[in-house]
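One structure below.
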Amino acid sequence: MNQPLNVVKIEKSGNRFNAWDTDGVKRTSEITTVTRRKAFEGNYLLGEFVMKNGKHYWKKVSDIETAAPVDNTSSVDVPSDHAEVLNFIHTSYSLKPKGLMMTELKWKYLIRSAVRGKNIMMTGPAGCGKTMAAKSVVNSLDRPDYYFNLGATQDPRGTLIGNTHFDTEKGTYFSKSLFVEAIQTPGAVILLDELSRAHPDAWNILMTVLDYGQRYLRLDESDGQATIKVADGVTFVATANIGNEYTSTRVMDKALMDRFTIVEMDVLSEEDENSLLNYMFPNVDSTVLGNVAKIASLTRTESSSDTARLNSGISTRTTVELCGLLYDGFNLVEAAEVSIYPQYDATGGVDSERTFVKQIVQKFVDDGSSDDLFNEEEMAEAEDSNS
Ligand SMILES: Nc1ncnc2c1ncn2[C@@H]1O[C@H](COP(=O)(O)OP(=O)(O)OP(=O)(O)O)[C@@H](O)[C@H]1O
Ligand SMILES: [Mg+2]
């Protein structure tokens, strides 16, 4: 069998499993959580291999006992001296994973905010890379990290504070949440994913935690210690779907928003979308990938125009999923039918959003002789980027 390109050892940090290669570089974001967890629990090393089709994958290479020690002395320690901080921020673009599309300025702003202990809020529409960027910045800093998905929890008090239990022997007792452990860990980076979808109770609980002047959590349910201080150097990174079409997103409280430094994720330009898709799917015909980028970009332009016939554009999450289908042998028409159309309302027949999107896709499937769906400007734009 071939030699692995890289070998990583898994270390547990907070509630996450981080992968460090032999050069001390963090490779966490390249390996699935399940693979990392299994390697940690099974106490073995993972190697990176390349399949015939060019895709990379990770699998067990050897048990820890028999392997050479992994040296991670060169991991990215966050510096404290000002000159060093400056240097760290301005060279940090190299820490950004290749598969994440984000401008250098936004990435550096994100790193800077994290290094400076700001509460960071990543905003942007659905599927534009907020969670991905937040996880990547957490991975880039060599600090204990914790992940909480607040959009997925039905029980904010249980998740953020803890639960009261009853036991016939012990009677009533209180068990603290993982979040309580997280905020007491000095230097921890705590990801609060989908904060905008969280229950308002969660926002209330977090209000004092996130306030730079307060920084404590009230344990109103436990007797004894009433509040818990947030440890020094703890950074919060939240994500929020703000100002978009999602109705499940509650309008976030202004006071809560004020406690964050906002980092807005950009929706990708056609060019960036195209490079991302080509980077991710080197084996799919790049003309087709280019068309996918154009389709997405046309829907985005349309949804933001004054006379919009669409509520939202096709997200990068969707284009990535669609190209995964192309890679698996579906054609563009089939892939669009299952991944794009269900997201658009079909009521109204020929005047529906779905019909409109279908027409856009159709334009890139046949010879482009479809009807005059686009106004002149859009046509010119599409033509320009076609040539
Ligand atoms: N800027 C980007 N760069 C690279 N990949 C991206 C980007 N945006 C989206 N993707 C792709 O879309 C997928 C979804 O992205 P992600 O989960 O970060 O979106 P999100 O903004 O958090 O969405 P939501 O609002 O639904 O939580 C990613 O796994 C990735 O494949
Ligand atoms: Mg997300």
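The values are calculated or read from the model by the stated rules, or taken from the named source; none is laboratory data. Here the structure is a predicted model, which means the values were calculated and not measured. Every residue, glycine as well, gets a Cβ built from its backbone with ideal geometry; the counts of neighbours run over all protein chains shown. These area figures cover heavy atoms from the full protein model, side chains too; ligands, DNA and RNA do not enter into them. Shrake-Rupley method; radii C 1.70, N 1.55, O 1.52, S 1.80 Å.
Being more than 27 Å from E104 (Cβ to Cβ) and either within 23 Å of the chain's Cα centre (by Cα) or away from ligand 2 (no atom under 16 Å from the Cβ) (or both) is not true of S196. Identify, please: which residue in the range 229-244 is within 16 Å of ligand 2 (Cβ to nearest atom) and either of a type in the set (G, A, S) or exposed (fewer than 13 other Cβ atoms within 10 Å of the Cβ) (or both) and is, among those, modelled with the highest pLDDT? Only one residue fits best here, namely A238. Scanning the range 263-291 for residues being more than 13 Å from ligand 1 (Cβ to nearest atom) and in contact with a Cys (Cβ under 8 Å, 6 or more places away or on another chain) gives a total of 2. Of the set (1) within 12 Å of ligand 1 (Cβ to nearest atom); (2) in contact with a strand residue (DSSP E or B) (Cβ under 6 Å, 6 or more places away or on another chain); (3) part of a helix (DSSP H, G or I), all apply to L110 but (1). Looking only at residues in the range 113-129 that are within 13 Å of ligand 1 (Cβ to nearest atom) and aliphatic (A, V, I, L, M), the one that is modelled with the lowest pLDDT is A126. Residue pairs whose Cβ atoms lie under 6 Å apart, separated by 6 or more positions or on different chains, with the first residue in the range 119-147 and more than 16 Å from ligand 2 (Cβ to nearest atom) and the second open to solvent by 10 Å² or more (accessible area, probe 1.4 Å) and part of a strand (DSSP E or B), are P144/S13; D145/S13; D145/R16. Look at the range 170-187: where a residue is closer than 17 Å to F148 by Cα and hydroxyl-bearing (S, T, Y) and a partner is open to solvent by less than 20 Å² (accessible area, probe 1.4 Å) and assigned to a strand (DSSP E or B), sitting 6+ places away or on another chain with Cβ atoms under 8 Å, you get S177/G162; T185/Y146. Residues in the range 34-56 that are open to solvent by 80 Å² or more (accessible area, probe 1.4 Å) and either at positive phi or at pLDDT below 90 (or both): 4 in all. The condition (being surrounded by fewer than 19 Cβ atoms within 10 Å (Cβ to Cβ) and either closer than 30 Å to A238 by Cα or among the charged types (D, E, K, R) (or both)) is satisfied by just one residue among E302, E334, E273: E334.
With respect to (1) farther than 23 Å from D193 by Cα; (2) without any contact (Cβ under 8 Å) to a residue 24 or more places away in the chain; (3) of a type outside the set (F, W, Y), the lone exception for V85 is condition (2).
If you go through the range 80-101 and keep only what is under 27 Å from A293 (Cβ atoms) and not in a helix (DSSP H, G or I), you end up with K96, P97, K98, G99, L100, M101.
Summed over the range 148-169, residues that are closer than 24 Å to K12 by Cβ, surrounded by fewer than 21 Cβ atoms within 10 Å (Cβ to Cβ) and away from ligand 1 (no atom under 13 Å from the Cβ) total 4.
For the range 186-215, residues that are in contact with a strand residue (DSSP E or B) (Cβ under 6 Å, 6 or more places away or on another chain), more than 16 Å from ligand 1 (Cβ to nearest atom) and either open to solvent by 40 Å² or more (accessible area, probe 1.4 Å) or not hydrophobic (A, V, I, L, M, F, W, C) (or both) total 1. Whether a residue is of a type in the set (V, I, T) and open to solvent by less than 20 Å² (accessible area, probe 1.4 Å) was assessed, and T318 passes this test.
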